[in-house]
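Q: Structure in structure tokens, see below.
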Amino acid sequence: MTMKPGQETTVSVQFSMHEGMGGPHKFTINLASNDPVEPSTALTVAAAYPKP
């Protein structure tokens, strides 16, 4: 995807949790760009998967 300065977009992700992973979790998504000032940024997602 190519974006011009000032444009914005939506990032969609899916997480797959398996049995035994109940409780809080943090996932990090690394977003890369060609911005010379900030070539990458980390997006942290906190989720609480219900315990069975």
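The values are calculated or read from the model by the stated rules, or taken from the named source; none is laboratory data. Everything quoted here is computed from the prediction, not taken from an experiment. Glycine gets a Cβ as well: all are built from the backbone with ideal geometry, and neighbour counts include every protein chain shown.
Q: Out of the residues in segment 31-52 that are exposed (fewer than 10 other Cβ atoms within 10 Å of the Cβ) and modelled with pLDDT under 85, state the one that is farthest from the chain's Cα centre (by Cα).
A: My answer is 52.
Q: In segment 18-37, what residues are assigned to a loop (DSSP other than H, G, I, E, B) and within 17 Å of residue 1 (Cβ to Cβ)? Working first, answer last.
A: The first filter runs over segment 18-37 and keeps only residues assigned to a loop (DSSP other than H, G, I, E, B), leaving 18-22, 33-37.
Once the filter is applied, which keeps residues that are assigned to a loop (DSSP other than H, G, I, E, B) and within 17 Å of residue 1 (Cβ to Cβ), segment 18-37 yields 33, 34, 35.
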